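Have a look at the structure below, then the notes.
Nothing in this text is a laboratory measurement; each read-out follows from the coordinates by a stated rule. Note that this is a predicted model, so its numbers are computed, not measured. In this analysis, Cβ positions are derived from the backbone assuming ideal geometry, glycine residues included, and neighbour counts consider all displayed protein chains.
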Amino acid sequence: MAAPGSHARRRAWPLLFLAVLMFHSLAIYLFTRGFLLTRTELDVHSHRDDRTGISPGCSSWPPPAVDRLVIVVLDALRFDFVAPSTFFQERQPWMDKLQVLQKLAADEKTSARIFKALADPPTTSLQRLKALTTGGLPTFIDVGNSFGAPAIVEDNIMHQFAKNGKRVVMMGDDTWIQLYPEHFNKSYPYPSFNVKDLDTVDNGVIEHLLPSLHKNDWDVLIAHFLGVDHAGHIFGVDSTPMIQKLEQYNRILEDVIDTLKSLSTLGGPHENTLLLVMGDHGQTLNGDHGGGTAEEVETSLFAWSPKTPPNAVLSVLGKNLCNADLHGKEVCVSTMQQLDFAVTIAALLGIPFPFGSIGRVNPELYALSAGTWDNQQIGANDCTQQNDLEAWMRRYAEALCINCWQVKRYIDRYSATSVIGFRAEDLNHVADLYSKAQANWSSVLRSTCPLETSSQDELKECANKECTSSALRLQIDAYSDFLESFAKLARSAWTEFDLWLMGIGLSVMILSVSTQALAEGRVANFLLATSCIASVWHSATKGKFIIEEFVFLLLNIFIRFGIEFGMSKQISGSIISNDHPVSIICGLFGSSFCSDLMEIFPIISLTLVAYIILKCISYAISHRFLKYSVMSGSILSYIFIAIHWASESTLLSHTKAIRETGISLAPRLVYTIGGLSLAISAFYRLFGSTDHLKMNERITSLSAVMLCSWSPTILILLGRQGPFVALICMTIAWCIIKLQQKNQRELKLDKGIHAADSVSVTQWSFLAVCLFYLTGHWCTFDGLRYGAAFIGFDHFHIIRQGLLLSIDTFGVSHILPVLSLPFIAICWYNSASKNSKVNDATVTRLIQVWGLFAPKYVFDAIGLLLTDLLSVV
């Protein structure tokens with residue numbers, strides 16, 4: 001019978017681990033709350049009768065220049081999807097597919113233009129839509145809201161549309177409804193987070209888009225397509241589905257443009273309509289986005305007006321970047337910031353600018369609207385004769401005047417409201433720029449429109465210096481300088497940190513790490529431990545050949561090869577959909593052999609994994625009911641995984657019902673069985689009699705149950721690469737155990753000495769990190785494998801899909817490695833089961849392993865946050 005002290009110590013260890021977990025959670029929570037605080041959002045809105053502090057020269061919001069606006073959003077639209085391939089060093093298969101846009105840009109230079117639109121990271125759809133409509137910069141904390149977009153409370157163009165009588169119709173991505181639940185006169189939303197579905201959203205948009213163009217019940221139409229974004233996430237840019245989607249979009253845009261042209265005659269409903277075809281962000285070749293690389297932030301915007309502006313517009317558009325297209329026609333491309341989108345749209349439609357907008361009315365996009373060249377709208381004060389260009393410059397300068405006033409009052413309100421705000425010297429600099437620009441505006445007005453009471457000398461001076469155009473250009477430059485300076489300031493100093501919370505969180509983290517001081521003396525050895533290659537070299541110098549070391553080395557080489565060339569969705573090209581390491585063989589033996597191998601090899605690997613798991617269950621679990629419950633659940637889970645993959649196979653023919661059952665029902669059954677296994681193990685732990693079992697047997701049983709409960713879910717989420725990765729993990733675990741046992745025999749350690757080998761723990765922790773990257777994960781937001789969240793499901797639910805995405809992300813890097821530690825530790829010390837000190841030996845062993853393994857993740861987390869903090873500082 002165990003001593004009372006032994007029972008007390010046994011109950012104390014779980015409490016210690018729970019305390020450490022609570023300390024870690026509290027520390028990360030406090031630090032994160034302080035670190036992820038961002039700019040203060042002001043719940044203040046612009047109004048049409050706002051006049052306070054406005055310059056006399058810009059006494060009202062700009063008059064409307066367009067009657068109706070059509071915005072077609074092609075999600076994840078790369079710049080090279082739109083611009084001709086001649087603008088790039090090498091032509092790629094996905095280029096030149098949107099021919100209708102290139103043709104318009106070449107044939108109608110005065111009314112059509114391709115823009116390279118630059119987004120601000122993070123480049124997730126939620127942040128981009130928010131930034132596009134508010135005119136502000138995105139905030140990092142909003143990344144966590146990408147799966148459940150909250151309604152926007154900041155002032156935005158959608159609010160101004162509704163407030164100023166603009167009727168808005170939306171169709172497509174349902175994120176718009178989440179952001180603006182009460183701003184649409186009509187809406188046709190479709191679920192957006194099922195990245196495996198390339199057609200539902202697009203088909204819904206196609207159904208309503210063309211019929212809506214013939215109706216007069218809207219002023220702004222928004223059509224948001226998602227197929228290109230989803231094709232990128234699943235197949236990558238260089239893939240057949242992506243090219244098919246782009247070709248489909250070209251046909252749709254041809255129909256849209258033809259419809260607008262046919263209805264743009266004098267007096268027609270689209271006589272003064274502006275069409276915008278745009279992306280919210282770009283995407284990498286692997287189809288990911290969220291970060292700040294050039295591929296992700298560079299998207300495209302195409303603007304076309306059926307009503308042609310005068311030829312003077314070419315003086316505004318310029319020819320900074322022009323090339324001949326594939327047909328030899330000249331196509332020019334401009335560049336704009338997405339930050340400028342909201343205020344430019346507001347100026348074109350004649351509505352108040354969003355209060356928090358810090359962008360600039362883009363001159364080229366503004367000039368493409370023929371309405372901005374209408375001299376009759378310049379006003380009664382236009383008392384001097386002006387040509388088209390001068391009249392337009394006058395109107396644009398007035399728009400910039402109100403633009404600068406709006407940004408300046410936002411700066412003043414933000415500085416007075418925000419806890420930290422901007423530095424005084426920075427505020428003084430932008431205030432000085434604003435004052436100079438406004439002071440010049442009065443003299444510009446006198447030069448372009450002298451009063452009747454002006455002296456003959458003033459009139460003669462104005463005429464002699466030909467000051468009309470030059471004065472307007474200087475004024476436009478002064479306003480632009482102010483707006484660009486503040487935008488640069490906002491980008492560099494926007495994030496606000498709560499230093500107190502960060503300090504407290506960091507202190508708690510250091511305190512929690514200090515509780516593991518009994519592992520501390522071996523950490524240095526852990527950091528300086530020799531690698532697998534050093535072990536092989538060490539054995540070779542002694543004339544030994546240890547098969548485990550050789551196998552370990554070969555697997556390490558394979559893993560390195562896999563990480564280097566990329567696995568899963570990192571592999572570009574047509575084999576992108578085959579997401580397991582064997583896909584490398586495709587390049588060697590051809591696509592036909594590769595396709596067959598991709599279908600067969602995962603099933604073979606899964607069978608081998610199932611066999612090993614069942615053997616472990618029969619060995620590790622002694623309680624009969626628990627053993628057969630877990631064994632039955634594991635067998636069923638692996639059968640359902642095989643059915644799921646078989647239903648997706650192209651080698652077998654299936655009825656529609658069988659296919660749908662395999663694709664949807666089988667994964668859900670795997671998840672259910674896993675949950676039931678966890679529930680049974682918890683029930684057994686709480687109410688089962690375990691006193692008759694030795695410590696080794698008890699921990700081995702519970703570890704085996706936990707691994708068997710989690711493994712099928714993780715494997716099915718990993719896709720067909722899962723069994724192969726599992727075999728690598730199992731083989732390396734076997735090598736580590738065997739090498740540790742041989743090491744103990746060589747050193748002839750006393751059974752009473754229980755020291756964890758830091759080399760083995762280091763190898764195991766490094767393996768966890770390698771498997772993370774090997775399975776197609778990245779330590780970035782765009783590295784999340786969103787498709788895994790929808791295995792077995794077609795519709796989005798934030799808790800369900802969030803849980804599955806978390807399991808997929810942390811399955812091979814945290815869940816399986818950490819749960820395997822007790823099982824591996826017991827196997828290391830298997831011979832100690834006959835010793836009377838087994839209880840203390842086992843617990844001590846596990847504590848030592850934990851003390852070496854867990855701090856690595858703690859320090860990695862702190863290192864990441866500290867790096868970000870120092871970078872910002």
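Considering only the other residues whose Cβ falls under 13 Å of the Cβ of Val100, what net charge follows from Lys and Arg at +1 and Asp and Glu at -1? Overall, the nearby charge balance is -4.
The relative contact order of the range 265-347, computed from alpha carbon pairs under 8 Å that lie at least 6 residues apart in sequence, is 22 percent. Among residues other than Ile641 with Cβ under 13 Å from its Cβ, the summed charge is +1 (Lys and Arg +1, Asp and Glu -1).
Local charge for Ser264 was computed over the other residues whose Cβ lies under 13 Å away, with Lys and Arg +1 and Asp and Glu -1, and equals -1. Mind running the shape call on the range 70-132? Use the C-alpha gyration tensor, a ≥ b ≥ c as the square roots of the eigenvalues: rounded below 1.5 for a/c, prolate if a/b tops b/c, oblate otherwise. Oblate. What the pair-distance distribution of the range 157-231 shows, using all Cα-Cα distances binned every 5 Å from zero, is 3, 17, 28, 21, 17, 9, 4, 1 percent. In this structure, the pairs whose alpha-carbon distance is over 32 Å, taken from Lys319/Lys436; Lys97/Lys196; Lys130/Lys215; Lys215/Lys408; Lys166/Lys319, are Lys215/Lys408; Lys166/Lys319. The spacing between the range 309-342 and the range 627-681, judged by their C-alpha centroids, is 55 Å.
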